[in-house]
Amino acid sequence: MYLPQIDNERATLCNYLDVQLDAIRASSYGLDDDQARRAPRRSTLSISGITKHVVYCMKQSLSGAGRYEHDQPFEAFFASFTPSDDEDIVTLLETFDEVRGEYMRMCRDGELDAELPVGPMPWVGMTEARPAKLRYLYVHHVEEFARHAGHADIIREEIDGAQAAELLAAVEGRPANDFVTPWQAR
């Protein structure tokens, strides 16, 4: 994790979000589509599914802020965990990168006190969208994306033993050190 030159609320939130998104993206590094679709644990989560779901979350936020057209029914939330047959990992990552760029621009530029619709979240009894401050959304996404980065870590370790630190080192092109050797296909 890099320490920012500017230490304020916005920089902190944006940097934490960026780090979690880096980890989610790195979890797919070196996988083919079949591996990325694998759900090796008892749940149905896969690297592809996590990638698709995080894109869904970012698009919802961008839509609520008026920066993206994303008018999908709530059922699309549940479908966001499973890639369709035409959504291979390469396509999902291209979409992830495109949406992430716009999402991070919103993070860096958006007014933290601006309100946007959040939800519904029926699993906590919230059946209608409600207004929330943009800063709340970012704190929620730090939690959400960190949870999914952890899911992706576990799934990836089950697939081929790769761990987050070595994947990130490989993605970033960092040399080996006393603690981490960049991941290489075995």
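Once both labels are positioned 7 Å from their Cα atoms along Cα-to-Cβ, the gap between residue 127 and residue 42 label points is 3.1 nm. Evaluated at 4 °C with a viscosity of 1.567 mPa s, what Stokes-Einstein diffusion coefficient in µm²/s does the chain have when Rh comes from the Kirkwood expression over alpha-carbon pairs? Roughly 75 µm²/s, to the nearest whole number. Taking Cα atoms only, the orientation of helix 134-160 departs from the longest principal axis of the chain by about 20 degrees. Pick out, in residue order, every one of the trypsin sites (Lys or Arg not before Pro) in segment 27-68 that is DSSP loop and has at most 12 other C-beta atoms within 10 Å; say none if there are none. Here the trypsin sites (Lys or Arg not before Pro) that fit, given the DSSP loop and packing criteria, are 41, 42. Two decimals, Cα atoms only, Kirkwood Rh: what is Rg/Rh over segment 51-133? Here the Rg-to-Rh quotient is 0.98.
Over the chain, DSSP H runs of length four or greater, each weighted -39,500 (n - 2.57), average out per residue to a 222 nm ellipticity of -18000 deg cm²/dmol.
Histogrammed with a bin width of 5 Å, the alpha carbon distances of segment 125-184 distribute as 4, 16, 15, 17, 14, 11, 9, 8, 5, 3, 0 percent, first bin at zero. Which longest uninterrupted range of the chain lacks any chymotrypsin sites (Phe, Trp or Tyr not before Pro) assigned by DSSP to a loop state (not H, G, I, E or B) and surrounded by at most 11 other Cβ atoms within 10 Å? By the stated rule (loop sites, at most 11 other Cβ atoms within 10 Å), 3-178.
With contacts taken as Cα pairs under 8 Å and at least 6 residues apart, the chain reaches a relative contact order of 27 percent. Per residue, segment 128-186 exposes 59 Å² of solvent-accessible protein surface, assessed with a 1.4 angstrom probe and all protein chains in place. Take the Cα radius of gyration of segment 92-165 and divide it by 2.2 N^0.38 Å, N being the number of residues; the result is 1.37.
The values are calculated or read from the model by the stated rules, or taken from the named source; none is laboratory data. Owing to the predicted nature of the structure, the values given are computational and were not obtained by experimental measurement. Don't worry about glycine lacking a Cβ; one is built from the backbone with ideal geometry, like all the others, and counts go over all protein chains shown. Accessible surface areas use protein heavy atoms only, side chains included; no ligands, DNA or RNA. Shrake-Rupley method; radii C 1.70, N 1.55, O 1.52, S 1.80 Å.
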